[in-house]
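Below is one structure, written out as structure tokens; the observations come after it.
The values are calculated or read from the model by the stated rules, or taken from the named source; none is laboratory data. What you see is a predicted model, and the numbers here were worked out from it, not measured in a lab. When we count neighbours, we look across all protein chains shown, and the Cβ atoms used for this are built from the backbone with ideal geometry, even at glycine. Accessible surface areas use protein heavy atoms only, side chains included; no ligands, DNA or RNA. Shrake-Rupley method; radii C 1.70, N 1.55, O 1.52, S 1.80 Å.
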Amino acid sequence: MIAQDWITPTERRMEILKVLCKRRSDTMANLAEEFGVTSRTIKNDIDYLSLSYPIETVRGRYGGGVKIMGTFDLDRKYLSPIQKKLLEKLKKDLTGKDLYIMNGILKDFALNR
């Protein structure tokens, strides 16, 4: 259990994100108990995190769940939308091996939401 008195809301949110990346999904009730806050606080944290990270909430009979979409991992580096847009633009002029390499870069580093 993480003691709420010891961490700020920002730190708690990052810990929630780390937990979700490791577990891939959990219930809001379980996260609330683990972090020593209310389910409403967890919902607010998830709403905040979902603005920047690929997090999906699922309605459920037992308090609902939350999960990380796709293969997102916090430790992995991703292209920003601007970087992806530039590479997509440059890709139009490529052929052969260069096009193959660019497609690999986009596949490996572009965050697909």
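A few comments on the model shown:
- Kirkwood Rh in Å, taken over all unlike Cα pairs in the chain: 15.9 Å
- Projecting the Cα positions of Gln83, Tyr100, Ser25 onto the charge dipole of the chain (unit charges on Cβ atoms of Lys, Arg, Asp and Glu, taken about the Cα centre) puts Tyr100 furthest along the positive direction.
- Distances between placed amide hydrogens fall under 5 Å for Val37 paired with no residue 5 or more residues away or on another chain.
- For the chain, the mean residue ellipticity at 222 nm estimated from helices alone is -16000 deg cm²/dmol, where every DSSP H run of n ≥ 4 contributes -39500 (n - 2.57) and the total is divided by all residues, rounded to the nearest 500.
- Surface accessible to a 1.4 Å probe, per residue, for the residues of the chain, Å²: 72 Å²
- In this structure the amide hydrogen of Ala110, modeled in the peptide plane, comes within under 5 Å of the amide hydrogens of Leu79, none closer than 5 places in sequence on its chain.
- Heavy-atom accessible area ranking, 1.4 Å probe, most first, across Met69, Met28: Met69, Met28
- Taking the protein heavy atoms of the chain in the context of the full set of protein chains, the accessible area attributed to carbon and sulfur is 55 percent at 1.4 Å.
- Simple spin-label estimate for Glu15 and Ser50 gives 2.3 nm between the two label positions (7 Å along the Cα-to-Cβ direction from each Cα).
- When Tyr53, Tyr48, Tyr100 are compared by accessible area of protein heavy atoms, the largest-first order is Tyr100, Tyr48, Tyr53, using a 1.4 Å probe.
- Note on Leu86: accessible area approximately 90 square angstrom, rounded to 10, probe 1.4 Å, nucleic acids and ligands left out.
- A simple spin-label model places the labels of Leu99 and Thr8 4.9 nm from each other, with each point 7 Å out along Cα-to-Cβ.
- Size of charge dipole - the chain - debye, nearest 20, with Cβ of Lys, Arg +1 and Asp, Glu -1, no other charges: 520 debye
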